[in-house]
Ligand SMILES: [Zn+2]
């Protein structure tokens, strides 16, 4: 992999920042859609046909799984918020990776400058 320059990394970071500024409502968690029986003996679901679904948003709090029941009229909304959370999580992760690279490059550049200065000092003595 070709190493990027600091300018290239900063340009990438600017793109990510714009993506963050476009953030919409978001919600953390993973969505589960378990099937359930409605309780009616005459319904197909009583015979094992998957007919009714619920939506549950699960997340870990202090290592414990916490579930939030989502009413049907909010399903689409919550799915959108959850997608937005995943998108932003990815952007934040990429942003951190880029800034880590910028830090490493900065250290390398400083080392390079120091080496150049040293070699220049050495030159007149030869
Ligand atoms: Zn049913």
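The values are calculated or read from the model by the stated rules, or taken from the named source; none is laboratory data. Bear in mind that the values here come from a model prediction, so they are computed numbers and not experimental data. Quick reminder, even Gly has a Cβ in these numbers, built from the backbone with ideal geometry, and neighbours come from all protein chains shown.
Observations on the model:
- Among the residues listed as 44, 76, the single one being out of contact with any strand residue (DSSP E or B) (no Cβ under 8 Å at 6 or more places or on another chain) and away from the ligand (no atom under 16 Å from the Cβ): 76
- In the range 40-59, residue farthest from residue 30 (Cα to Cα) [restricted to those that are in contact with a helix residue (DSSP H, G or I) (Cβ under 8 Å, 6 or more places away or on another chain) and modelled with pLDDT of 90 or more]: 40
- The set of residues in the range 7-47 being over 26 Å from residue 78 (Cβ atoms) and touching a residue at least 12 places away in the same chain (Cβ under 8 Å) consists of 9, 10, 12, 13, 17.
- Strands (runs of 3 or more DSSP E) enclosed by the range 1-118 - at least 1 residues per element that are surrounded by fewer than 11 Cβ atoms within 10 Å (Cβ to Cβ): 55-61, 64-70
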